Amino acid sequence: MSPQAVPPEVLDETSPAALAAEGGPLDSQPPEPRRRRRALYVVGGVLALVAVAVTAFLLFFDWNYARGPIGRFASARMHREVAITGDLKVHLFSWSPQATANAITIADAKWAGTGRLAEVERLTVQVRLLPLLVGRVDMPVLEIVRPKVRLLRDAQGRANWDFSDGRKKSAPLKLPPIRRFVIADGQLAYEDRKRKLTFNGVLNATEKMGATQRGFAMSGKGGLNGEPFLLQVDGGPLLNIDRSKPYPFDADLRAGPTRVTARGSITKPFDFGRFQMNLTARGPDLAELYTLTGVTLPNTPPYRLSAKMTREGRVFRFAGVSGKVGDSDLFGDLSVDNSGERPFLKAGLGSRALDFDDLASVFGGAPKVGPGETASEGQKVMAREMAAQQRFLPDATLKVDRLRAMDAEVRYRAASVRDAPVNLQSGSVTLKLDRGLLTADPVDFSLPRGRIAGKVSLNARGAVPVTDLDVRVSNARLEQLIPARNGVSPVTGALVARIKLHGAGASVHRAAAAADGEVLVVAPGGEIRQVFAELLGINVTKALGLLLSDSQQTTPIRCAVADFKVKAGVLDARNIVFDTGTVLGSGSGQINLGSETLSFRLEGKAKQPRLIRVMAPITFSGPITKPKVGVETGKAITQGGVAAALGALVNPLAAILPFIDPGLAKDAACGALIAEAGRQGAPVTKAAVAAR
């Protein structure tokens, strides 16, 4: 039958006959598009089957088979063994997938032994998918059930929570905002062998605790250098935390008599590298904060300070520091940068009124402990011991490890100074600490006229600390240093001095007892009450008459020089000269910084005839803090014996001859003495040399 004989209604329009009936050849459709369509159908079908298979696999897959790979991945990242030994359950088919792992263990660092850093009974994590598309992690749920964490820092400063494997410091902990944050029955043990701190606490974080809506809570107790240690931290409600709103918290820390309280917030929850708090700290000694902060601070009397602290990564800033240290006020700003090899402290501090005796604590001593003075119980005990031993150089051992643990640059200025041994008006110092080398340069105190300035360095890089001191007194006045009598200064005039010492020792006393150097004191001119000048020469009649008449008569001071060579802590007088208009005085002796005693002998010779003069040099001896003034009786006894013999053998009038001084003493070569003092470093002026 031909195609034309077939009725069209019985032809399938897609059959070859139908195509032929329409006049088209049977092979007129290209074969390539048909093959492509068929391939697409096949691939689509295969993909659909794969998707169904994968879905079925994930639905029925036992996720416990993934515990090993997950543990190995975590172990490689944390550089210690991580294992999941309980069930692992994962729910993927949700806009917020969730995973629950049971019985997680994290091994300790190899150097810490065979213990465990952490054990977690159950950990549940939920993450939202959509925020991940824009690179943001949003964690609706984080539940940690019965975690046990043991944190350890050894004596070398290694921390078992540092997962950097020694390559670099770990970044501050940063968690995303957590809508439902639960820590149930957590236990935290902390031991810092370097700072001698232990802590055992409990951690809980729930959305509702008791009858009040609260969040995170951590409380515990332990020990710090033998003192009880208590810590309480409370956070705000955890429900619906917003990353754009700060998360508030309160903290209360007590370590023996030291207490720190804070009220603050984490700026972007839960980025622990960024937070701020208003804190108040009080305690017996700022140096004791080292065990809590790792920051080296000086020894001080009891303090109470407040500041606003902010953390930005590894930098901690303390703005608006204010309060009191001892009987001195303190204000300023400081920061601690932990990004380098060692912490770096930078500070600008000041006092409106510095109580000078508060500085004694800085050098390991004790401030005054009388009525109205501020001192800790330990400092009071030290003050009594030093007074009983008649000592003034503190012997507290310097903690060199703390000086080596950080670097610093501190500028301090006191607008006024009170209770100083001399009439200081104000003071300032710039401190720098670099790898165990502490320098104070310049140290500067102003007097009503003149100044005391210089530099001090303490090198703690070696086995034994070495101290260098170079201080100059320039343009000062004697009347500022010697107390007035009945409102009148017994001596007036210019004064310059230089003290240069070098000593090794782990305390102020030990460094002084081993010091070498020189001490030079020069008075280029001035006036002294004549009664004191005559007493220097033991002019009995003249001095007695001046004293009885309460005479204010003065005599010029042509010059006065005291030149000491220092060796092994002993100041030996090379030259002591005190030249006045009526008497030329000279002396000898030494000051022993090791025993803290002195022994001096001063003798005066009259420049004019004196009727009755006892040849008895004046002596100063005993402890430096309380020397005794006396008269050397040897020559006086001999002088009296000669007088008695003359009176018995010759004539009673002859008995006064040994007491008559013809007054043959000459003026000292003041110009040469002052010039030599200038060559040795005393800040004398050319005018002073020329005038003499």
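The values are calculated or read from the model by the stated rules, or taken from the named source; none is laboratory data. Computed from a prediction, not measured in an experiment: that's the story for all the values here. Glycine gets a Cβ as well: all are built from the backbone with ideal geometry, and neighbour counts include every protein chain shown.
Assorted remarks:
- Residue within region 110-133 that is hydrophobic (A, V, I, L, M, F, W, C), more than 23 Å from K174 (Cβ to Cβ) and outside any strand (DSSP E or B) present: yes
- The requirement of being in a helix (DSSP H, G or I) and out of contact with any Lys or Arg (no Cβ under 6 Å at 6 or more places or on another chain) is satisfied by R402.
- Only a single item in (1) assigned to a strand (DSSP E or B); (2) modelled with pLDDT under 95 is not met by K268, and it is number (1).
Residue-wise test of (1) among the hydrophobic types (A, V, I, L, M, F, W, C); (2) farther than 22 Å from S339 by Cβ; (3) over 17 Å from the mean Cα position of the chain (by Cα).
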residue	(1), (2), (3)
K380	no, yes, yes
R384	no, yes, yes
R391	no, yes, yes
R402	no, no, no
A408	yes, no, no
S426	no, yes, yes
A440	yes, yes, no
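Here is a yes/no grid of residues against (1) out of contact with any helix residue (DSSP H, G or I) (no Cβ under 6 Å at 6 or more places or on another chain); (2) of a type in the set (V, I, T):
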| site | (1), (2) |
| --- | --- |
| L447 | no, no |
| I452 | yes, yes |
| S457 | yes, no |
| A463 | yes, no |
| D470 | yes, no |
| R477 | yes, no |
| V488 | yes, yes |
| T492 | no, yes |
| R498 | yes, no |
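- Scanning region 443-458 for residues that are over 19 Å from the mean Cα position of the chain (by Cα) and in a strand (DSSP E or B) yields D444, F445, S446, R451, I452, A453, G454, K455.
- The one condition in (1) in contact (Cβ under 8 Å) with a residue 12 or more places away in the chain; (2) in contact with an Asp or Glu (Cβ under 6 Å, 6 or more places away or on another chain) that V577 fails to fulfil: (2)
- Of residues in region 297-334 being surrounded by fewer than 18 Cβ atoms within 10 Å (Cβ to Cβ) and small (G, A, S), the one farthest from the chain's Cα centre (by Cα): G313
- Residues considered: A388, A414, A353. Of these, the only one that is surrounded by fewer than 15 Cβ atoms within 10 Å (Cβ to Cβ) and either under 17 Å from V508 (Cβ atoms) or modelled with pLDDT of 95 or more (or both) is A353.
- For V521, the conditions (1) surrounded by fewer than 19 Cβ atoms within 10 Å (Cβ to Cβ); (2) assigned to a helix (DSSP H, G or I); (3) at pLDDT 85 or above are fulfilled apart from (2).
- Here E409 passes the criteria (1) farther than 23 Å from A513 by Cβ; (2) touching a Ser or Thr at 6+ places or on another chain (Cβ under 9 Å); (3) assigned to a loop (DSSP other than H, G, I, E, B); (4) not hydroxyl-bearing (S, T, Y) except the one numbered (3).
- Scan region 459-510 for residues that are of a type in the set (S, T, Y), under 16 Å from I557 (Cβ atoms) and in a loop (DSSP other than H, G, I, E, B) and the total you get is 1.
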